Amino acid sequence: MNYRRVRDLREDADMTQKQAAEKLFLHLTQYRRYECGESEIPLHIAINIAKLYSVSLDYIAGLTDKKTGLTGTTLSKEEAELIDGFRRLDSTSRGRILERVEMLRNADKKNGDS
């Protein structure tokens, strides 16, 4: 675990150690130990830290400098749902969707919304 990153994430979020500990349902002393590297961060706590700061475990572990992680995405939840739904369609339905997207894009261009 990259303990420095945990501290940096907290500071970037303008939180005190006490505030972070409270959000993670930890005692302040234990949180301080995690943040300074005196105690190993258990996986379930690391997951909660990642959720708190909206970063990947890969980032917290120091495996990547991308906060979204090694396989991360910058897609919104809505965009990810659209892609997932698209993938579940048969090829004919996918073609129809792509045609409709092109029609909407052309309409936006005509209206100056590109």
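Just so you know, all these numbers are worked out from the coordinates, no wet-lab data involved. These figures come from a predicted structure and were not determined experimentally. Every residue, glycine as well, gets a Cβ built from its backbone with ideal geometry; the counts of neighbours run over all protein chains shown.
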(request) Calculate, for K18 and L43, the FRET efficiency according to 1/(1 + (r/R0)^6) with r their C-beta to C-beta distance and R0 30 Å; round to the nearest 0.05. (result) 0.80
(message) At 222 nm, what value in deg cm²/dmol follows for the chain if DSSP H runs of at least 4 each add -39500 (n - 2.57) and the sum is divided by all its residues, to the nearest 500?
(response) -19500 deg cm²/dmol
(request) Measure up K66/K110; K51/K109; K23/K66; K23/K67 against 27 Å on the Cα-Cα distance and list the ones that go over. (result) K66/K110; K51/K109
(message) Using +1 at the C-beta of Lys and Arg and -1 at the C-beta of Asp and Glu, which of L26, S39, L52 has the Cα lying farthest in the positive direction of the dipole of region 3-61?
(response) L26
(message) On a full-extension model of 0.36 nm per residue, what is the gain between R4 and R87, subtracting their alpha-carbon distance, rounded to one decimal in nm?
(response) 26.0 nm
(request) Let me know the charge dipole size of the chain about its Cα centre in debye, to the nearest 20, where only the beta-carbon of Lys, Arg (+1) and Asp, Glu (-1) is charged. (result) 100
(request) Sort largest first and round to whole Å: the equivalent ellipsoid semi-axes of region 1-98, each the square root of five times a Cα gyration tensor eigenvalue. (result) 36, 13, 11
(message) Students often check this: by mean Cβ neighbours within 10 Å, which of 47-60, 15-28 ranks highest, and how do the rest follow?
(response) 47-60, 15-28
